[in-house]
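First comes the structure, then the notes that go with it.
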Amino acid sequence: MKRIVILISGLGSNMQAIVRSCTLEGWSGQVAAVISNRPDAPGLVFAARQGIATAVVDHLQYPSRDRFDSELARVIDGFAPDLLLLAGFMRILGDDFVVRYEGRILNIHPSLLPSFAGLYTHRRAIEAGCKLAGATVHFVTAALDQGAIVAQAAVPVLPDDTPQTLSARVLTAEHLIYPRAVRWFVEDQLRLRDGRVQLANAEPQCLFWAG
């Protein structure tokens, strides 16, 4: 049974979607721990209520990113994860940290990568006149938002959209594809070849969500 550790900074709505899917679908895996860099993260309360171990590594208590990364890795390794997930974790992780978990760390980004990597994705998509926006689950590498793509979900950009309304539509799609991608990893369905992800089963890696 694969062990999953999830990093959050706030509510952790994607974390909650993953926990619920794991339970309802009976994955051959378990969420072993939820870790936050903020002690007041509401997602920690949710996780504790599900009987999941929680921990806090407060980035404000460390004088450098390297020191924070080192302590975070120590706490993570205490839960012996097979898979590490970033779910609204609002810290940039150093290269050494990423290399430590290479091939077993996933993130979800609120755009159709490689378009709009980085911040302010929804505003940038609207300003560019995009008719579609979306979310991408990808392996994490040292290059920000450039790891191999596991799954994507596209949503329409409506004429009267604001960054807030588009964000809400994309978030709903995130809650669909992130648990699906995690389940594929747990079931050993993902293969990395030449920097691309291939899926061993016939499920679609792309979803259109009109909601």
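Of all the residues in the stretch 140-155, those that are at pLDDT below 95 and of a type in the set (A, V, I, L, M) number 3.
Any chance the stretch 89-100 includes a residue that's without any contact (Cβ under 8 Å) to a residue 24 or more places away in the chain, surrounded by 14 or more Cβ atoms within 10 Å (Cβ to Cβ) and of a type outside the set (S, T, N, Q)?
no
Residues that are farther than 18 Å from residue 192 by Cβ and either among the β-branched types (Val, Ile, Thr) or assigned by TED's automatic domain parsing to the domain that holds residue 88 (or both) were ranked within the stretch 111-136; the one that is nearest to the chain's Cα centre (by Cα) is 121. Taking (1) crowded, with 18+ Cβ neighbours inside 10 Å; (2) touching a helix residue (DSSP H, G or I) at 6+ places or on another chain (Cβ under 9 Å); (3) hydrophobic (A, V, I, L, M, F, W, C); (4) free of Cβ contacts under 8 Å to residues at least 60 places away in the same chain in turn, residue 6 satisfies each apart from (4).
Within the stretch 11-24, residues that are farther than 11 Å from residue 43 by Cα have Cβ atoms under 8 Å from residues that are assigned to a helix (DSSP H, G or I) and acidic (Asp, Glu) in these pairs: 17/174, counting only partners at least 6 apart in sequence or on another chain. Annotation: of all residues in the stretch 36-77 being among the small types (Gly, Ala, Ser) and surrounded by 14 or more Cβ atoms within 10 Å (Cβ to Cβ), the one that is nearest to residue 172 (Cα to Cα) is 43.
The values are calculated or read from the model by the stated rules, or taken from the named source; none is laboratory data. Quantities reported herein were computed from a predicted structural model and do not represent experimental measurements. Cβ coordinates were reconstructed from backbone atoms using ideal geometry, including for glycine residues, and neighbour counts include every protein chain displayed.
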